[in-house]
Structures are given as structure tokens and as C-alpha cells.
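To start, the structure under review is shown below, and the notes come after it.
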Amino acid sequence: MITIPDLEGNVPLHLAVHGGEIKAVELCLRNGALISTQQHDSSTPVHLACSQGSYDIVKLMFTLQPQEVSGGGVLWELWVVVYIIDVFLSANSV
């Protein structure tokens, strides 16, 4: 069920991200959902979270599924941006 898309290509992870429900996102990820799953328009849950400014959800996705960014591509590029933001925020919180 966790990987079955609706008519627009949304899997439960897309819907959890869209709703900003971090606990639902974590539940999906721990039960087989992949952050690389694409909707019909080719967007992933990571793209959706980034477009909504859901930094904590993006970090959670990359933390729980680092293997999904190891192959390079767009998810890797987004991971680099999140890492830079994290370093910047950590440096400025001192």
C-alpha cells in the first residue's frame, strides 16, 4: 500500500509531505516509501518538501534514506544544498 500511487502519481509519502505531517512522513519512510518516488510530473517528495520550505522534513528524508542520494543527480544536489543550509544555521546559532 505504501508504494501504490493515486491517479496523479502521489504515494502516501507525497501526501504526508504535502500535509506537513513529519510523523506521517517518518512512518512512511520506515515502512518502505522511497524519497525518489516520482509523481507524473517527475517531482519527488523531496522536491515537494523543498518547495514548501519544510526543512525538517527534508532533513528527515535524507537522514533516513542516505542511499537514495548516493547515486548523484537531482536528489544529491538537493542534499548538498540542505547540508550547506544546516552548516550555515549551525554556525550562526552560536
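Some points to look at:
- Normalised by the number of residues in the chain, the mean separation of alpha-carbon contacts (under 8 Å, six or more apart) gives a relative contact order of 22 percent.
- Order of Thr37, Thr63 - criterion: other Cβ atoms within 10 Å of each residue's Cβ, fewest first: Thr63, Thr37
- Inter-site label distance for Arg30 and Leu89 at 7 Å from Cα along Cβ, in nm: 2.1
- Taking N as its residue count, the alpha carbon Rg of the stretch 12-92 over 2.2 N^0.38 Å: 1.02
- Of the peptides 20-33, 44-57, 1-14, the order by per-residue mean of other Cβ atoms within 10 Å, starting with the highest, comes out as 44-57, 20-33, 1-14.
Quick note: the coordinates plus some simple rules give every number you see, no bench work behind them. Values in this document were obtained by computation on a predicted structure and should not be read as measured data. Every residue, glycine as well, gets a Cβ built from its backbone with ideal geometry; the counts of neighbours run over all protein chains shown.
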